[in-house]
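Below is one structure; the comments refer to it alone.
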Ligand SMILES: Cc1cc2nc3c(=O)[nH]c(=O)nc-3n(C[C@H](O)[C@H](O)[C@H](O)COP(=O)(O)O)c2cc1C
């Protein structure tokens, strides 16, 4: 079993797991093939859906890869607040000629069933978001030789991950696209500026834990990867940068919006899922973000038909366009080529820093 995440692949570049279709076997295989670490996103999938993707990825690459799991969420939904939001979204459903969704879907994301498959037929790496698994779960993965990574957004969460037996942490700065991995969602922190930028957080986590650290959030260029490596990260994890590649399964509307000058910036919002996630500011986010309740995954299920109908209608104003703060720098090029370009940029920056070239460890 590898002792460092850098033992898993040639370059210190991780393709972020992106649930909702962004990172499937094709993208992960392309990244693995180019010397990075590719990831499948099991979130929102059934256990069997996850397993089918694992089998497909194995048929495309023999390199190590990862699978990302959502931790089960304690239901904190205030039913009355969800019903008020349902009324506030009635106009959206009418506009897109659809119904609002049933909010009673599973809140555990089929966690136990997915664990059972991953223990039965182990994969090289498993990472977790929205919480930290128990020591028993992490020990069971260690027994079958799976390298485990827990995503964290504070130094305290990193200490909990180390204490529970994780092999590494993925430090997610507030710049990151998609959901914040926060272990306990606290609506009282909304709008307080409590979310930490990657560099500030990385410095704190590096001094709080001894296990390797992977850095994520707003990284789009090799020079930025060099910066996080210089700040003590072992690897860099990029989501938005890979979202724009042809191998990404993201909706074409979403891909185009990343660099469309109409979308000037991103915000954290609960509008689409009930949990803070960073997306391009569009009409839906602007109108409903201010009052969307803290009710994940109820709001995810509630808005699902509207998001699907907006995508079908080709309307970028009505669906979640997850993106990190660096989205304007997205490059539409094949994922394997993007890895090569990032490595060339990283090496150029390393020369400036007087560091050895990338790709030493295989
Ligand atoms: C479209 C999208 C979907 C995401 N889905 C997941 C996910 O399923 N699991 C996860 O751990 N992180 C997910 N993330 C967050 C990434 O792991 C990572 O933290 C983030 O992409 C880093 O910031 P960047 O997008 O600026 O590179 C997602 C990000 C995006 C953009």
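A few remarks follow.
- Here is the figure for region 198-251: residues that are in a loop (DSSP other than H, G, I, E, B), more than 18 Å from residue 266 (Cβ to Cβ) and within 11 Å of the ligand (Cβ to nearest atom) total 1.
- Criterion: more than 16 Å from the ligand (Cβ to nearest atom), outside the structural domain of residue 141 (by TED's automatic domain parsing) and free of Cβ contacts under 8 Å to residues at least 12 places away in the same chain - qualifying residue of 83, 97, 120: 83
- All conditions but one from (1) assigned by TED's automatic domain parsing to the domain that holds residue 242; (2) touching a helix residue (DSSP H, G or I) at 6+ places or on another chain (Cβ under 9 Å); (3) part of a helix (DSSP H, G or I) apply to residue 63; the one that does not is (3).
- In region 33-56, the residue that is nearest to the ligand (Cβ to nearest atom) out of those that are under 23 Å from residue 234 (Cβ atoms) and under 19 Å from the mean Cα position of the chain (by Cα) is 41.
- Residues satisfying the stated conditions in region 1-39, i.e. surrounded by fewer than 24 Cβ atoms within 10 Å (Cβ to Cβ) and under 19 Å from residue 110 (Cα atoms): 19, 20, 21, 24
- Only one entry of 161, 116 meets the criterion of being outside any strand (DSSP E or B) and surrounded by 15 or more Cβ atoms within 10 Å (Cβ to Cβ), and that entry is 161.
- Boolean, residue 262 is assigned to a loop (DSSP other than H, G, I, E, B) and more than 14 Å from the ligand (Cβ to nearest atom): yes
- Residues (touching a residue at least 24 places away in the same chain (Cβ under 8 Å), over 30 Å from residue 294 (Cβ atoms) and touching a strand residue (DSSP E or B) at 6+ places or on another chain (Cβ under 9 Å)) located in region 123-145: 123, 124, 125, 142
The values are calculated or read from the model by the stated rules, or taken from the named source; none is laboratory data. These numbers come from a predicted model, not from an experiment. In this analysis, Cβ positions are derived from the backbone assuming ideal geometry, glycine residues included, and neighbour counts consider all displayed protein chains.
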